[in-house]
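**Student:** Below you'll find the structure I mean.
Where a number appears in this text, it was derived from the coordinates with a stated rule and is not lab data. What you are looking at is a predicted structure, and each value in this text was computed from that prediction instead of being measured. All Cβ positions, even for glycine, are placed from backbone atoms using ideal geometry, and neighbour counts span all protein chains on display.
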Amino acid sequence: MLRTHTCGQLNAANVGEEVSLCGWVASRRDHGKLIFIDIRDRQGITQVVFVPKDSPEAYKNAQNLRSEFVILLKGKVNSRPQGTINSKIPTGEIEILARELEILNPSLTPPFEIEDSLNVTEEMRLKYRYLDLRRKRVLGNLVMRSNLSKVIRNFMSERDFIECETPILTKSTPEGARDYLVPSRLNPGKFYALPQSPQLFKQILMVAGIEKYYQIAKCFRDEDLRADRQPEFTQLDIEMSFIDEEDIFSLTEQMTRLILKEIKGVDIKLPFPRITFDEAQKKYGTDKPDLRKELNNEFAFAWVVDFPLFKYNTEEKRWESEHHPFTSPAQKDLGILESDPEKVKSRSYDLVLNGMEMGSGSIRIHSPELQERIFKIIGIDKEQARKRFGFLLEAFQFGAPPHGGIALGLDRLLAILAGEESIREVITFPKTSAGSCLLTDAPSDVDEKQLTELNLTIKKGREKQ
């Protein structure tokens, strides 16, 4: 074992102990014949002093230390002298009198300092993301992300949900945003798609009798990016059988209250306010109202309900789904589906937090006949439906239960909890607003051999476009 303690663990109770620490040199200070360093790991920071008369070899090695060197040191825990105690850190009452020092790895001079009050471009931070992640603030966001996943998994497990993984390589069923396509080497001319959501698979899991499903799912959308969007993102995906909207609302509110309590130490009131789509548009001019002033609660949640089932595409002169074509219409509007589609309300709902959409869901269509009617209204004939969604429609022939669910955007939720303006601050290795990874230089060119194996060619001039 290289170390006996972490760099955030020691305190006055450890005075007199011989310890070993490993970490990075956060800073180095020469004070006459004494050398001080701060050693840092992800748990914290500890001050170390090198005294030439006590440990001449360690003192000599300490003269070569620079920022971000990785070191192993051994020494004795001492109380700090009066007047030098640092009450801002847990280890502020002690320091290590160094006995031995080993440089495990040197470091180049970092392109920016590893500190929270950092004045450097985002591009520089993302290019050297492994250095950026050493900063306390960014590391804290990842710790929060890990804790959030733990809270969610514990909550769902206690309520008898089954965590199921769904495929990443799947069938392209474009609806709204563009799919990311993956060519198949073994099936020339054919493509997989990366999932925009696990929507179809989670509905099939309901047909399979899973009844309570969840997944912390990676999803992909090839769309224009903003501060709250990434080409790959993470959502909490939930689906349940034999339920209605009230079951979804109750489950989501209880989970959200637990998350806020565990992650932020904040109590929020339940139930969340509910606003119809029409009321939100009339009163706030948006279907994502920010209710912080009205509710006076830093975290203002609200449900927006009674969305239109359809919206009219003026460019293509046809009706299309407001959310997705598997959303159930309101029971009272079944009689006007074909005659007055603009008046039909859906059994869908959005969860809004501080003016941002946190999640969206609906009660799904489980009747093959009703699904066929919806497809017909939005211009999907039987052949198109079979080609795009045949596997789902076939599954529905074998006894599909009433079911519904919701998907919550974890990146957006984390950004708000962490007080960050951009979701990039809570993602380990995010893309830029142009969809590029500055760390790995992706997307990148591939060689001709790979293209040949995939039966692909690049048209001349396309690269410039």
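**Student:** Using Cα atoms only, what is the angle between the long axis of helix 245-259 and the major principal axis of the chain, expressed in degrees (0 to 90) to the nearest 10?
**Tutor:** Taking Cα atoms only, the helix is inclined about 10 degrees.
**Student:** Let me ask something additional. How do the peptides 443-453, 94-104 rank, highest first, by the average count of neighbouring beta carbon atoms within 10 Å per residue?
**Tutor:** Numbers: 443-453: 10.4, 94-104: 19.0.
Result, highest mean Cβ count within 10 Å first: 94-104, 443-453.
**Student:** Along the stretch 327-337, what does the Karplus equation 6.51 cos²θ - 1.76 cosθ + 1.60 (θ = phi - 60°) give for ³J(HN,Hα), rounded to whole Hz, x for Gly and Pro?
**Tutor:** The phi angles translate into 7, 6, x, 4, 4, 5, 9, 4, x, 10, 3 Hz.
**Student:** First select every other residue whose beta carbon is under 14 angstrom from the beta carbon of Asp247; then total the charges, Lys and Arg +1, Asp and Glu -1. Present the calculation step by step, with values, prior to reporting the outcome.
**Tutor:** Numbers: positive: Arg159, Lys212, Arg347, Arg364; negative: Asp160, Glu211, Glu239, Asp244, Glu245, Glu246, Glu253.
Once positives and negatives cancel, what remains is -3.
**Student:** Could you state the orientation-averaged shadow area of the convex hull built on the Cα atoms of the stretch 12-105, in nm² to one decimal?
**Tutor:** 5.7 nm²
**Student:** I need the peptides 81-89, 310-318 ranked by packing, meaning the mean over residues of other C-beta atoms within 10 angstrom, with the highest value on top. Don't jump to the answer; show the numbers that get you there.
**Tutor:** Working: 81-89: 9.4, 310-318: 11.7.
Ranked from most to least packed, the peptides come out as 310-318, 81-89.
**Student:** In addition: So if we plug the beta-carbon distance of Lys283 and Glu315 into 1/(1 + (r/R0)^6) with R0 = 45 Å, what FRET efficiency do we get, rounded to 0.05?
**Tutor:** Working: r = 30 Å, r/R0 = 0.66.
With R0 = 45 Å, the Cβ-Cβ based efficiency is 0.95.
**Student:** By how many degrees, 0 to 90 and rounded to 10, does the Cα axis of helix 136-158 deviate from the longest principal axis of the chain?
**Tutor:** The answer is roughly 50 degrees.
**Student:** Check which residues have an amide H placed less than 5 Å from Ala193's amide H, if you skip close sequence neighbours.
**Tutor:** Here the answer is Thr170, Lys171, Ser172, Val182, since their amide H atoms fall under 5 Å of that of Ala193.
**Student:** What is the pair-distance distribution P(r) of the stretch 356-465, computed from all Cα-Cα distances in 10 Å bins starting at 0, with each bin given as a whole percent?
**Tutor:** It works out to 10, 21, 18, 30, 20, 0, in whole percents.
**Student:** So, one more: Please tell me the relative contact order of the chain in percent, rounded to the nearest whole number, where contacts are Cα pairs under 8 Å and at least six residues apart. Before the final figure, lay out the partial values.
**Tutor:** Details: 839 pairs, mean separation 56.8, N = 465.
Reported relative contact order: 12 percent.
**Student:** Give me the Debye-computed log₁₀ of I(q)/I(0) at q = 0.13 Å⁻¹ for the stretch 4-67, equal point scatterers on Cα only, no solvent, two decimals.
**Tutor:** Log10 I(q)/I(0), no solvent term: -0.36.
**Student:** Moving to a separate point now. Applying the Karplus parametrisation 6.51 cos²θ - 1.76 cosθ + 1.60 with θ = phi - 60° to the phi angles of the stretch 78-88, what ³J(HN,Hα) value in whole Hz is obtained for each residue in order, glycine and proline being reported as x?
**Tutor:** 3J(HN,Hα) across the stretch 78-88, in whole Hz: 10, 6, 5, x, 4, x, 10, 5, 10, 6, 7.
**Student:** For the stretch 269-282, just list the computed ³J(HN,Hα) in residue order, Karplus coefficients 6.51, -1.76 and 1.60, θ = phi - 60°, integers in Hz, with x standing in for Gly and Pro.
**Tutor:** Using θ = phi - 60°, the values come out as 8, 10, x, 6, x, 10, 10, 6, 4, 5, 4, 4, 5, 6 Hz.
**Student:** Student exercise: in the stretch 12-105, how many lysine pairs 8 or more apart or on different chains have Cα atoms under 24 Å apart?
**Tutor:** For the stretch 12-105, the number of qualifying lysine pairs is 9.
**Student:** If each residue's Cβ is checked for other Cβ atoms within 10 Å, how do His31, His324 rank with the fewest at the top? Please list the in-between numbers first.
**Tutor:** Details: His31 8, His324 18.
Ascending Cβ contact count within 10 Å gives the list His31, His324.
**Student:** State, to one decimal in nm, how far the label point of Val266 lies from the label point of Arg159, with both points 7 Å from Cα in the Cβ direction.
**Tutor:** 2.0 nm
**Student:** Another question, if that's okay. Taking 28 Å as the cut-off for C-alpha to C-alpha distance, list the pairs among Lys288/Lys311; Lys283/Lys332; Lys150/Lys190; Lys212/Lys311; Lys150/Lys431 that go past it. Each step should come with its number before you reach the end.
**Tutor:** On the way: Lys288/Lys311 18 Å; Lys283/Lys332 25 Å; Lys150/Lys190 39 Å; Lys212/Lys311 31 Å; Lys150/Lys431 25 Å.
From the list (Lys288/Lys311; Lys283/Lys332; Lys150/Lys190; Lys212/Lys311; Lys150/Lys431), the Cα-Cα distance tops 28 Å for Lys150/Lys190; Lys212/Lys311.
**Student:** May I pose another question? Between the helical axis of 382-396 and the dominant principal axis of the chain, each derived from Cα atoms, what acute angle in degrees is found, rounded to the nearest 10?
**Tutor:** 70 degrees
**Student:** Local charge sum around Tyr312 (other residues, Cβ-Cβ under 13 Å, Lys/Arg +1, Asp/Glu -1)?
**Tutor:** Numbers: positive: Lys311, Lys317, Arg318, Lys343; negative: Glu315, Glu316, Glu320, Glu322, Asp340, Glu342.
Within the 13 Å Cβ shell, the charges total -2.
**Student:** Sorted from largest to smallest, which semi-axis lengths in Å does the alpha carbon gyration tensor of the chain give for its equivalent ellipsoid, taking the root of 5 times each eigenvalue? Mind dumping the intermediate values first?
**Tutor:** Details: eigenvalues 556, 155, 77 Å².
Working from the Cα gyration tensor, I get semi-axes of 53, 28, 20 Å.
**Student:** Residues in the stretch 369-390 near a label at Asn187, defined as backbone nitrogen under 20 Å from the 7 Å Cα→Cβ point?
**Tutor:** 383-390
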